[in-house]
Amino acid sequence: MERLVTGGWYQDVCESIHYGTPSNVTIYSYKPFTELRQGDQVFGNKELTIPPIGAKFTITDGATFIQVVGTNIVNWGACY
């Protein structure tokens with residue numbers, strides 16, 4: 001499973017994976033993280049029934065980010 005971190009603003013979250021003590025999060029979806037796009041859904045359990053646990057607005061793997069409201073991805077992009 002890949003390492004994902006969560007936080008508020010995407011710029012801060014994208015950078016935080018490389019330093020400090022980022023807030024780690026686990027998400028589940030029908031697709032790999034790198035293939036998620038706006039309109040897809042992510043969940044906090046393997047049964048795909050609840051929102052991500054402990055996730056803030058933005059989630060990243062350090063290369064791309066998604067922004068989540070509930071279980072819905074409302075935005076995605078590349079980390080710079």
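For this structure, a couple of remarks:
- Filter pass, Gln38 being part of a strand (DSSP E or B) and in contact (Cβ under 8 Å) with a residue 24 or more places away in the chain: no
- Filter result (under 13 Å from Thr34 (Cβ atoms) and touching a residue at least 60 places away in the same chain (Cβ under 8 Å)) within the range 51-80: Gly77, Cys79
Per-residue answers, yes or no, for (1) more than 10 Å from the chain's Cα centre (by Cα); (2) small (Gly, Ala, Ser); (3) on the phi > 0 side of the Ramachandran plot:
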residue: Ile27; (1), (2), (3): no, no, no
residue: Pro32; (1), (2), (3): yes, no, no
residue: Gly70; (1), (2), (3): yes, yes, yes
residue: Val74; (1), (2), (3): yes, no, no
residue: Cys79; (1), (2), (3): yes, no, no
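- Residue satisfying condition, being of a type in the set (D, E, K, R) and touching a strand residue (DSSP E or B) at 6+ places or on another chain (Cβ under 6 Å), within set Lys56, Lys31: Lys56
- Being of a type outside the set (S, T, N, Q) and within 9 Å of the chain's Cα centre (by Cα) is a property that holds for Ile59.
- Residues that are surrounded by fewer than 12 Cβ atoms within 10 Å (Cβ to Cβ) and either modelled with pLDDT under 80 or closer than 14 Å to Ala78 by Cα (or both), drawn from the range 13-36: His18, Tyr19, Gly20, Thr21, Thr34, Glu35
- Hits in the range 16-35 (condition: in a helix (DSSP H, G or I) and in contact (Cβ under 8 Å) with a residue 12 or more places away in the chain): Phe33, Thr34
- Check on Lys46, in contact with a Gly (Cβ under 6 Å, 6 or more places away or on another chain), free of Cβ contacts under 8 Å to residues at least 60 places away in the same chain and charged (D, E, K, R): no
- Qualifying positions in the range 38-61 - over 16 Å from Asn75 (Cβ atoms) and among the hydrophobic types (A, V, I, L, M, F, W, C): Phe43, Leu48, Ile50, Ile53
The values are calculated or read from the model by the stated rules, or taken from the named source; none is laboratory data. This structure is a prediction, so every number in the text was calculated from the model and none was measured. Cβ atoms come from the backbone with ideal geometry, glycine included; neighbour counts cover every protein chain shown.
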